[in-house]
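One structure below.
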Amino acid sequence: MRPTAFIPFRRLASAAALAAMLASPLLAQAPIALSLTEARAAARRTSPDVRAAREAATAAAARERQSAVYPNPTLAYGREQTSGGGQTNAQDVLQLEQAIEWGALRSARRDVARLRREAAEVRLALAEAQVDLEATRAYALAVAADRRAALAAQTAAAFAQAATVSERRLAAGDVSGYAARRIRLETARYAGIRAEALLARRTVRAALASLVSTSPDAPLALDVALSDSLLPDAREPASLDSLRAAAERGRAEIRIAALEAQAAAAEVRLAARERTPVPVLAAGFKTEEAAGSPERLSGFVAGVSLPLPIFDRRRDAVEAAEAEARRREAEADAVRRRVTHEVTEARDALVAVREQLALLAPQLGTQAAAALRAAQVAYTEGEITLVEWLDAVRAYHEAEASYAMLRAEALVRQAALERAVGAPLPSITNGGAAAPGNDR
């Protein structure tokens with residue numbers, strides 16, 4: 001076979017593909033690029049979970065400030081008047097009362113509020129990390145769906161061209177009727193596969209749109225270009241011990257559980273200090289009008305009141321706070337165990353997917369595409385059988401589609417490992433798009 005024998009076929013296939021693309025509604029508008037970083041940022045801006053967590057953090061910060069405020073004083077006015085035998089005695093008393101909280105009580109209350117505020121801020125970071133994971137998953141699946149749709153369109157175009165060649169050779173008596181019918185059947189089959197791939201592409205882009213669009217009903221335009229080709233990181237993940245140590249430091253759930261346990265311990269101290277009565281100081285001004293006296297007497301009043309812990313000694317409140325603190329400690333231990341399992345599972349899953357990619361990647365790429373084109377030319381010129389050509393096309397399409405899904409799965413697994421560890425791993429984007437088939 002001469003090296004240039006396939007050039008006409010390639011030109012014809014390219015022209016047919018270009019014509020199909022120009023006729024497609026996918027190019028009705030100029031494409032807009034969307035990177036993974038932009039998708040994550042948009043998802044954070046539009047996520048109701050992030051907004052709710054942000055408002056919760058704002059509320060916790062306000063409660064912390066409120067915990068440091070002194071109690072308001074009380075202004076009291078009283079009048080006493082007695083009369084008898086035509087004589088009247090009267091007293092007017094105006095006084096200001098102020099509760100004097102102990103410093104330890106106020107400190108304990110502020111500690112509880114501060115720890116609650118820190119936990120709310122970590123919950124906000126947790127909500128953002130969860131949205132990042134969801135956006136990464138949706139973006140990766142959309143990139144894979146684009147690649148699968150392109151492969152399906154490429155294969156369908158190849159079969160359509162082969163069907164044209166087959167009909168011409170059938171009229172010339174060069175192929176059997178069975179071969180022509182088989183080509184027509186495969187052409188229809190891959191047209192259906194292409195339709196399914198386009199539907200899957202619409203579905204995953206709708207899922208991505210639900211994360212990045214301001215309105216859940218706003219669709220993501222089909223011609224939006226996903227500018228990150230998302231090459232998987234081939235480097236071996238860090239050791240399991242290192243990842244577990246990083247998760248112990250950075251995983252949001254562990255930090256939240258620890259802060260909640262500390263807040264519960266602070267509430268125990270607060271409940272214990274609330275058992276000490278809070279004195280109330282009073283000071284004011286008094287006037288008195290005595291019967292039979294033309295003079296109006298005036299002076300001051302001062303006093304102190306102290307609640308007596310006779311009926312309520314806060315014993316049950318302290319016991320409840322202690323039990324709550326023990327519950328929080330147990331929950332923190334449970335979170336640590338669960339995170340350790342999640343890190344192990346996420347790392348094993350990432351390693352397994354990367355091993356599959358390493359096995360499949362050398363078999364694909366430019367050489368595989370060239371081999372497929374050579375097989376197409378060989379069948380067109382009658383150098384290989386129909387079954388051999390069908391096997392070559394099917395193997396190429398299935399391998400490339402599987403590789404696209406494996407790449408998406410690897411990126412999702414890496415994002416899941418980042419989520420499990422609570423710290424970023426090496427970058428999962430290559431910073432720019434690559435043409436299908438040439439990005440390996």
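The values are calculated or read from the model by the stated rules, or taken from the named source; none is laboratory data. On a predicted model such as this, the values are computed, not experimentally measured, just so you know. Methodologically, a virtual Cβ is constructed for each residue, glycine included, from the backbone with ideal geometry; neighbour enumeration extends over all protein chains shown.
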> In the range 397-411, is there at least one residue being within 30 Å of residue 176 (Cα to Cα), modelled with pLDDT of 80 or more and not hydrophobic (A, V, I, L, M, F, W, C)?
Replying inline: yes
>> Just to be sure I understand the filter: pairs with C-beta atoms under 8 Å, separated by 6 or more residues or on different chains, first member in the range 67-86 and under 25 Å from residue 101 (Cβ atoms), second member small (Gly, Ala, Ser) and in a strand (DSSP E or B). Which pairs pass?
In response: 71/99; 76/282; 76/284
>> Looking for something aliphatic (A, V, I, L, M), exposed (fewer than 12 other Cβ atoms within 10 Å of the Cβ), under 30 Å from residue 88 (Cα atoms) and at pLDDT 90 or above - is there at least one such residue anywhere in the range 300-310?
In response: yes
> Does the range 297-314 contain any residue that is in a loop (DSSP other than H, G, I, E, B) and either touching a Leu at 6+ places or on another chain (Cβ under 7 Å) or in contact (Cβ under 8 Å) with a residue 40 or more places away in the chain (or both)?
Replying inline: yes
> Got at least one residue in the range 151-167 being touching a Lys or Arg at 6+ places or on another chain (Cβ under 7 Å), crowded, with 21+ Cβ neighbours inside 10 Å, hydrophobic (A, V, I, L, M, F, W, C) and touching a residue at least 24 places away in the same chain (Cβ under 8 Å)?
Replying inline: yes
>> Against the definition (β-branched (Val, Ile, Thr), assigned to a helix (DSSP H, G or I), out of contact with any Lys or Arg (no Cβ under 7 Å at 6 or more places or on another chain) and surrounded by 12 or more Cβ atoms within 10 Å (Cβ to Cβ)), how does residue 335 come out, yes or no?
In response: yes
>> Can you report the number of residues in the range 154-194 which are in a loop (DSSP other than H, G, I, E, B) and either over 19 Å from residue 392 (Cβ atoms) or within 44 Å of the chain's Cα centre (by Cα) (or both)?
In response: 4
> Hey, does the range 134-145 have a residue that's more than 30 Å from residue 226 (Cβ to Cβ), crowded, with 16+ Cβ neighbours inside 10 Å, touching a helix residue (DSSP H, G or I) at 6+ places or on another chain (Cβ under 8 Å) and not acidic (Asp, Glu)?
Replying inline: no
> Can you name the residue in the range 52-62 that is exposed (fewer than 15 other Cβ atoms within 10 Å of the Cβ) and of a type outside the set (Asp, Glu) and is also farthest from the chain's Cα centre (by Cα) among such residues?
Replying inline: 62
> When both residues are 6+ apart or on different chains and their Cβ atoms are under 7 Å apart, which pairs have a first residue that lies in the range 273-287 and is over 23 Å from residue 310 (Cα atoms) and touching a residue at least 12 places away in the same chain (Cβ under 8 Å), and a second that is of a type in the set (Lys, Arg) and surrounded by fewer than 17 Cβ atoms within 10 Å (Cβ to Cβ)?
Replying inline: 287/296
> Of all residues in the range 236-293, which are of a type in the set (Lys, Arg), within 30 Å of residue 410 (Cα to Cα) and touching a helix residue (DSSP H, G or I) at 6+ places or on another chain (Cβ under 7 Å)?
Replying inline: 244, 251, 255
>> Can you go through 199, 115 and tell me which one is surrounded by fewer than 22 Cβ atoms within 10 Å (Cβ to Cβ), over 30 Å from residue 378 (Cα atoms) and either out of contact with any Pro (no Cβ under 6 Å at 6 or more places or on another chain) or of a type in the set (A, V, I, L, M, F, W, C) (or both)?
In response: 199
>> Looking at the structure I just gave you, is residue 101 closer than 21 Å to residue 268 by Cα and of a type in the set (Asp, Glu)?
In response: yes
